[in-house]
Amino acid sequence: MNFDLTDEQQMLQAAARDFLAARLNSEKIRALAETDDAFSADLWKEISDLGWPGLMVGADSGGQELGTIELAVLFEQLGYALTPGPVLSDTFAALALQTAGTDEQRERWLAPLAAGEKRGTMALWDRGAGWSPADITLEPEASNGGYTLNGEKLFVLDAATADFLVVGAKGDRRFIVERDAEGVTITPTPTIDATRKQYSVKLDGVKVGEDAAFGGDGAMDDARTRAFIAVSAELTGIAQRALEMAVDYAKERKQFNRPIGAYQAVSHRCAQMLLETEGARSATYYAAWAADNEPETAPLAASMAKAYASDAGTRVTGASLQVHGGIGFTWEHDIHLFLKRAQSDSVMFGDARWHRERVAQLAGI
């Protein structure tokens, strides 16, 4: 069996790497992180022209209709470049609508999302109810042929720049809510990763029609599986970049007239970083393959990948900081930006412990 990427997937990988390297450097990333929303309209326009928002959207909605391996390829490069802004949150919304949205919802929301004309995000986790994928407690109230939504959602990515929210409710149900709908209040919340803004969203008597509802009865399972894989791929890219930064520094920095990489304490740490990065990559791409080719094993594979990548991302970035020594602890060095993104991603859609418990349940252990 050939486990290499196809020629088309390698072209996507190279194009994404080159594009992001040309558009994003340390100064650009830091400048966006200092803004209120970490959003660049010019960068988003170019990303939309490349078709990334519609990567997994069906052709009937104007998307590229590519597979989960392509999704992993792209998000590894997005993590490698530490891409700011709403690509991840927009992709989550696209996965939800593509998986379980109605034809009318896809025409109204998914088609313009695939074209980059509208942006969406997920509003899932309720205040006081935990943050794992199972901790959604909002109960919509049926009223006048539609629903009334009350509650407060936390950890909502890029809510200030989204055109609509996909609001999670009990029973795996979802509701499309326009950002500027009456009763919606969006408040920035401080987070460790300034390159990807998070918000709380208060829903105070928000009224939506029957046509805003979709999902239910496990309809979101496939979307969740692919979301796990996307975050795992981003963590893999972050780990790869942190590894390369550590190796480059270990070759250049000298102590006692020798590069510090010549000392076992450093070289062994770098070797462990390589092992964990490659392990995360292997687990992630296997899960991506399973999602497209062996869906019955995909939930297990996706949780294995997310558990491993969550640990690898935080450990590799932390080890890279240690290799850099004192300079790595300064604000001026970029390694802390990657470490913070890894810390944030490691708990997104369930941390390593939650996913290991899910692996045990799915495997019947």
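Would you confirm, using the coordinates I've provided, whether residue 303 is within 16 Å of the chain's Cα centre (by Cα), modelled with pLDDT of 95 or more and surrounded by 24 or more Cβ atoms within 10 Å (Cβ to Cβ)? Taking the combined requirement at face value, the residue satisfies it.
Looking only at region 267-314, count how many residues are assigned to a helix (DSSP H, G or I) and either touching a residue at least 40 places away in the same chain (Cβ under 8 Å) or among the acidic types (Asp, Glu) (or both).
Result for region 267-314: 32.
Taken together, 78, 66, 82 contain a single residue that is out of contact with any His (no Cβ under 8 Å at 6 or more places or on another chain), in a loop (DSSP other than H, G, I, E, B) and farther than 22 Å from residue 101 by Cβ, which is 82.
Taken over region 341-365, the residue count meeting the criterion of being over 14 Å from the mean Cα position of the chain (by Cα) and not hydrophobic (A, V, I, L, M, F, W, C) is 7. The condition of being in contact with a Ser or Thr (Cβ under 9 Å, 6 or more places away or on another chain), in a loop (DSSP other than H, G, I, E, B) and of a type outside the set (D, E, K, R) holds for only one of 93, 38, that being 38. The set of residues in region 163-176 that are surrounded by fewer than 21 Cβ atoms within 10 Å (Cβ to Cβ) and touching a helix residue (DSSP H, G or I) at 6+ places or on another chain (Cβ under 9 Å) comprises 163, 172. The listed residues are 94, 123, 111, and the only one of them that is crowded, with 23+ Cβ neighbours inside 10 Å and under 13 Å from residue 61 (Cβ atoms) turns out to be 94.
Out of all the residues in region 99-144, which are among the aliphatic types (A, V, I, L, M) and either assigned by TED's automatic domain parsing to the domain that holds residue 39 or under 28 Å from residue 52 (Cβ atoms) (or both)? Those that are among the aliphatic types (A, V, I, L, M) and either assigned by TED's automatic domain parsing to the domain that holds residue 39 or under 28 Å from residue 52 (Cβ atoms) (or both): 100, 110, 111, 113, 114, 115, 122, 123, 124, 136.
The values are calculated or read from the model by the stated rules, or taken from the named source; none is laboratory data. Keep in mind it's a predicted model, so treat the numbers as computed, not measured. Counting neighbours? That spans all protein chains shown, and the Cβs are built from the backbone with ideal geometry, glycine included.
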